[in-house]
Amino acid sequence: MGENGDLLQNINVLDVLYANDLERYAVKVNQPEAGTDGPGTKDLLHLNDVEPLSPRMADEYPLFDAGDLLVSLREPHLVFVLDPDTKETKWHASAPLIQQHDPDFVGDGWIGVFDNNEDFTERGTMLGGSRIVAMQPHTDSMEVRFPTSASDPFYTDIRGKFQRMPNGNMLLTEAQAGRVVEVDSTGQTVWEWVHPPYDARQVPVVTKATRLNLTRQQVDAWACSSGNTSAVP
């Protein structure tokens, strides 16, 4: 899309998979909850994130170029980096991801991924919960950055976001639990916020939390802020 909302380019992701010998990922999709009818049976890919590699960070990624796209497909458990001009996939990864979200270029050649690690239990008890996985394509390295042995239980079967902080902490959105938590480099909780439940068994979903580099004074100046007394008639 252009600055005015004009369509500049349209890429068929299924065509990309076939052109790069990745069609095997499309045919292994399993959606038992969709049955044999309905729109869910046609959601082969479920593209849930696209992030361009910025010119500022491009030198940190030897295999890629500025403008390449980092793409996440939830249903085939697949992330890949795509040249939008040639439609070539320069790198891809699947295992050990399970229905992942929010891959990001996090610097120093690493790609961070919110791995939902879905196991079809209510609290992730079979596989240990959701994770933040880091991959470094040019060295073929993989690390689990969260959780650690010091971490509290953490699991969301769908949705989920993470944000890496300048001090090394991470802000995590445990979407289905209605919870936002910041953890330090050891995996321990720094602070958390949980959305109040609206009945005995359910809490509202929190789809995304973002830490903004703003002061309290700047936020209080917003017209919608409770701290902006000048906006009160």
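Things worth noting here:
- Given (1) in contact with a strand residue (DSSP E or B) (Cβ under 8 Å, 6 or more places away or on another chain); (2) assigned by TED's automatic domain parsing to the domain that holds Asp49, index of the condition Asp152 fails: (2)
- Selection count where residues are in a strand (DSSP E or B) and within 11 Å of the chain's Cα centre (by Cα), scope the stretch 71-104: 8
- Taking the stretch 107-126 as the range and being surrounded by 12 or more Cβ atoms within 10 Å (Cβ to Cβ) and of a type outside the set (D, E, K, R) as the test, the residues that pass are Gly107, Gly109, Trp110, Ile111, Gly112, Val113, Phe114, Asn116, Asn117, Thr121, Gly124.
Residue-wise test of (1) at pLDDT 95 or above; (2) closer than 17 Å to Gly124 by Cα; (3) of a type in the set (S, T, N, Q); (4) not assigned by TED's automatic domain parsing to the domain that holds Gln99.
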position: Gly168; (1), (2), (3), (4): no, no, no, yes
position: Leu171; (1), (2), (3), (4): yes, no, no, yes
position: Thr189; (1), (2), (3), (4): yes, no, yes, yes
position: Arg201; (1), (2), (3), (4): no, no, no, yes
position: Arg216; (1), (2), (3), (4): no, no, no, yes
position: Cys224; (1), (2), (3), (4): no, no, no, yes
position: Asn228; (1), (2), (3), (4): no, no, yes, yes
position: Pro233; (1), (2), (3), (4): no, no, no, yes
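- Across the stretch 44-60, the number of residues qualifying as outside any strand (DSSP E or B), in contact with a strand residue (DSSP E or B) (Cβ under 8 Å, 6 or more places away or on another chain) and loosely packed, with under 15 Cβ neighbours inside 10 Å comes to 1.
- Considering the stretch 1-55, and only residues there that are under 19 Å from Thr89 (Cα atoms) and among the polar types (S, T, N, Q), the residue that is modelled with the lowest pLDDT turns out to be Gln9.
- Scanning the stretch 132-141 for residues that are in contact (Cβ under 8 Å) with a residue 12 or more places away in the chain, more than 11 Å from the chain's Cα centre (by Cα) and assigned to a strand (DSSP E or B) yields Ala134, Met135, Gln136.
The values are calculated or read from the model by the stated rules, or taken from the named source; none is laboratory data. Worth saying up front: this structure is predicted, and the values here are computed from it rather than measured. Backbone-built Cβ (ideal geometry, glycine too); neighbour counts: all protein chains shown.
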